[in-house]
Every structure is written in structure tokens, then in C-alpha cells.
Amino acid sequence: MTGTAEHVPPPAGTLPTPELLARLGPAVADYPPASVFGPRDAGSYEFVWLLNGSARWTCGDRTLRLTPSALLLVRPGMRDTFRWDPGRPTRHGYAHFRLPPAVPGGPPPDDTGWPVVRDLTGRDDPMAALCRYLLALGSGRPPAWQRHAEETLRLLLLTFVHGPGPGTGADTLPEPLVAMMAAVRAHWSDGVARPLPLERLARAAGVSESTLCRICRRSLGVGPVEGLERLRLARAEPLLWLSNLSLRAIAVRCGFADAYHFSRRFRAVYGLPPSAFRAVPPESAPPSPVANGALSALRALTLPASGAETPATGQGRRSGLGPGGQTPGSGAAVEAPGDGRHR
């Protein structure tokens, strides 16, 4: 369920960092069967997610059934009531926070268009993992845990408000292009972006060659063969920056016959040869030919297929990346219930 339809969520960068109310979570609360909490007047924002059992949440004339697949966001000023599962104990996680104005002295964030509840079971949805991490931070309280919790809340709120992941834009492409790209994805499934002739692309798209060219130019701004070449060239970027592969090896991975032809086409699109591009930091490099515009809808095809091995020789190359290009370590957050009560 979402808020008022005519409101649009703010741009991602306008959401301020939440200020955690550390005495009100993140923690876990347990309620016996048939318990009721409320009515109460919410004085802060609160994320609520069930771990066991179910509940009915009522606010005004709205009633929602909550299960462990749902994440609820309560707003300040809401007068609400929780009616916990009548047949078994209920356990839920919660975290309270405030949102400061985006600029000092400015108005509070406009949350009227924000969703009230989100599903946590989406395939690429990070929100369930963020909720688990919040509980781990609230239970263990390691050094600087509150700052980490606020950053986690910021990402959780950003994802909650704007959706669990950006769309690829493929749903706006004409059906012949979607069919064509399905054939391209299959052709590139071994991680080598080989070129395909126009005849084969048209056959996969189910249209004539002239029709496919017209559709591509209208939708992408370039013809199908040129568009795929840009995707193939864009695949070279991480190989140049993050590996010791020779230009010949990169050329082969990107579907070019040899380093000469690869370098010539790369320079025509990027404005400098791949050997020079390799020495330029990413923040100073020429833009990717598929970074913006309609070709960005096909950007997923510039990456190796899921599960494919990333080609590398010797020690990984990190030329030009500096500290910002380092990969942080990762660890698994283990959910640990606290003994605090939901307030």
C-alpha cells in the first residue's frame, strides 16, 4: 500500500541521514498472544518488521495485516494501534528515528508520498538484510555502532521510499528490441561479447533488417550493430582498470579480432586509445558510451553473465583507483534478539 498517488518521492539525494533514538532500538520485542498496543500518538519515525507471528495495524480508517514479509514505516503524528497475533506469541524488530531538515532551518521532509509498507521478499531486495544488520548492531553495540546504525537506517529508508532497486528501463523498450537483446544475452553467456550480424539480430527480433534499424535508431539513437559495439566496448572498461590482461586478451573478450581493431574502435568512441584510458582514473575518464540515454537500459549486458568467471591474469590491477576503489571487507550479520520492549 502506498500513500497519496499524486505525491512523488523526493530525489534520492534529498533524504537526510536519520537520527537514531538509541533508547528505542534497534531491538526486538515479544508480545504474548492477543496483546494490544495502543492507541498511541507516534512521536518519531519507526520501522517495524515481524519476525514471528502476525499483527493487524490500524491507523485512522486504514488497517493492514502484517506478516514477517512486511516492513512498516510509522510516521510522526500517526495515531495507531497494533493488535498482535491472537493465537501465538509475536516477535518483531523495531527502530525509532527522527529526520532533520535537509538544510538547517528548513522544513521537515515531506513524507506524504512515501509508502506505508513494503514487501521484504523481493529477489534483489536488500531491506531484509539491512533489518537483520540493524538488530545485530542494536544487540551487540560494538564501537561506533550508533553511527553505523544511522547509515544503515539511511540506506533502508532510501530503499523503502524509492523502491528496492532501480529499473533497468527494459520495460520501456519496443518488444523487438527486448527479443533481440534476449538473443544477445544468450550469445554472450560465456562472457565473450562476440558481434552478431544484422541478419541474425533481425531474425531474433522477428522483424526485417530495415525495420530493426529504424526501431533502434528511433529508440536508441544508433543502429543495432553500432549499439552492440558500444556495449562491447563498455565491457572493456573494468578489464582495463581491474586486471592485468593484455590489450589482445581484452580485445578477444570484447569480440574484436585483434588488439589493433579493438584499439581503433575504442579510440573512435572514447577519444583516446585503451592503453591511455587504462592509466586514467575513473573519475577523470571519458564517459561510457552507454552511461546515459536509451542505451543505459541495456547496460546489464556490458557485464559478464551471472556466475561466469572474471578473467584475470596474475595480481588484480587497481591502476588509478586510489583509496576510493578499494573493496571493503564483508561480514555476516547475525540476528540476535534484544530484551527491550517496543515503546
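The set of residues from the stretch 112-127 being free of Cβ contacts under 8 Å to residues at least 60 places away in the same chain and crowded, with 18+ Cβ neighbours inside 10 Å comprises 118, 127. Looking across 102, 22, one residue alone is in contact with a Leu (Cβ under 9 Å, 6 or more places away or on another chain), at negative phi and either of a type outside the set (A, V, I, L, M, F, W, C) or open to solvent by 10 Å² or more (accessible area, probe 1.4 Å) (or both). It is 102. Under the condition of being among the small types (Gly, Ala, Ser) and part of a loop (DSSP other than H, G, I, E, B), the residues counted in the stretch 19-48 number 6. So, residue 47, is that one surrounded by 13 or more Cβ atoms within 10 Å (Cβ to Cβ) and more than 27 Å from the chain's Cα centre (by Cα) or not? Spelling it out, it is not the case that residue 47 is surrounded by 13 or more Cβ atoms within 10 Å (Cβ to Cβ) and more than 27 Å from the chain's Cα centre (by Cα). Of note, residue 107 does not satisfy the criterion of being surrounded by fewer than 18 Cβ atoms within 10 Å (Cβ to Cβ), at pLDDT 90 or above and in a loop (DSSP other than H, G, I, E, B).
Conditions (1) polar (S, T, N, Q); (2) at pLDDT 95 or above; (3) in contact with a His (Cβ under 7 Å, 6 or more places away or on another chain); (4) over 23 Å from residue 64 (Cα atoms), marked per residue:
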residue	(1), (2), (3), (4)
103	no, no, no, yes
120	no, no, no, no
124	no, no, no, yes
133	no, yes, no, yes
155	no, no, no, yes
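In summary, helices (runs of 4 or more DSSP H) completely within the stretch 183-255 and bearing 1 or more residues that are over 26 Å from residue 284 (Cβ atoms) and at pLDDT below 95 occur at 198-205, 209-220, 224-242. Every condition in (1) over 15 Å from residue 116 (Cα atoms); (2) out of contact with any strand residue (DSSP E or B) (no Cβ under 8 Å at 6 or more places or on another chain) is met by residue 91 except one, and the failing one is (2). The set of residues from the stretch 110-130 being among the acidic types (Asp, Glu) and part of a strand (DSSP E or B) comprises just one member, 119.
Consider the stretch 202-229 and keep the residues that are without any contact (Cβ under 8 Å) to a residue 12 or more places away in the chain and more than 21 Å from residue 255 (Cα to Cα). The one that is least open to solvent (accessible area, probe 1.4 Å) is 208.
Looking for something more than 18 Å from residue 194 (Cβ to Cβ), open to solvent by 60 Å² or more (accessible area, probe 1.4 Å) and in contact (Cβ under 8 Å) with a residue 60 or more places away in the chain - is there at least one such residue anywhere in the stretch 230-244? Yes, the stretch 230-244 contains a residue that is more than 18 Å from residue 194 (Cβ to Cβ), open to solvent by 60 Å² or more (accessible area, probe 1.4 Å) and in contact (Cβ under 8 Å) with a residue 60 or more places away in the chain.
The values are calculated or read from the model by the stated rules, or taken from the named source; none is laboratory data. Everything quoted here is computed from the prediction, not taken from an experiment. FYI the Cβ positions are ideal-geometry reconstructions off the backbone, even for glycines, and counts take in every protein chain you see. Calculation scope for accessible area: heavy atoms of the full protein, side chains included, ligands and nucleic acids excluded. Shrake-Rupley method; radii C 1.70, N 1.55, O 1.52, S 1.80 Å.
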